[in-house]
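Just below is one structure, and these are the notes that go with it.
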Amino acid sequence: SYDALVEDAVAASGEPTGYFAQYKIGRIKRLGAPASSRVLDYGCGTGNLTELLLDEFDHVEGFDPSSGSIAVARERMPQTTFVDDASQIPAAAFDVVVMAGVLHHVQPPDRGLDPLDQRRDCGVIREVKPLERHAGRERIR
């Protein structure tokens, strides 16, 4: 299953399952996003990060092009809005868009943020951190 693949990938890092999700949430908060922010988890999969975002932010929605993943996310969090069609993402509705672990699933020519580029009315922070080697393993800085 998707969740088993995620757990295996995280376990290979030597960190606990929620480590990377908590890092992402902490980074969003350090960038100044208040709890009242409207957050879109773009590429939410089955909702692992979405579920944790709901603990920190008042309004969270999810998008993923996989209808199977969205079905699992909806079952896990029936009170949350999830869509599998990018045209259903409301225009200018979010203060924060989280896109984590997504781009490696998208072909390079399709990596623009369209339809997000056409829908945002705020600035975009694009943060890419290179990996560093530590004791023979790569770690996020």
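Which residues, taken from region 18-61, are closer than 11 Å to Phe94 by Cβ and under 12 Å from the mean Cα position of the chain (by Cα)?
Keep residues of region 18-61 that are closer than 11 Å to Phe94 by Cβ, which gives 33, 37-42, 57, 59-61.
Matches in region 18-61: Val39, Leu40, Asp41, Tyr42, Val60, Glu61.
Return the pairs, sorted by first residue and then second, in which the second residue is assigned to a helix (DSSP H, G or I) and modelled with pLDDT of 70 or more, the first residue lies in region 13-24 and is closer than 13 Å to Ala100 by Cβ, the beta carbons are less than 6 Å apart, and the residues are 6+ apart or on different chains.
Ala21/Leu49; Ala21/Leu52
The values are calculated or read from the model by the stated rules, or taken from the named source; none is laboratory data. These numbers were taken from a predicted model, which means no experiment stands behind them. Every residue, glycine among them, receives a Cβ derived from its backbone with ideal geometry; neighbour counts consider all protein chains shown.
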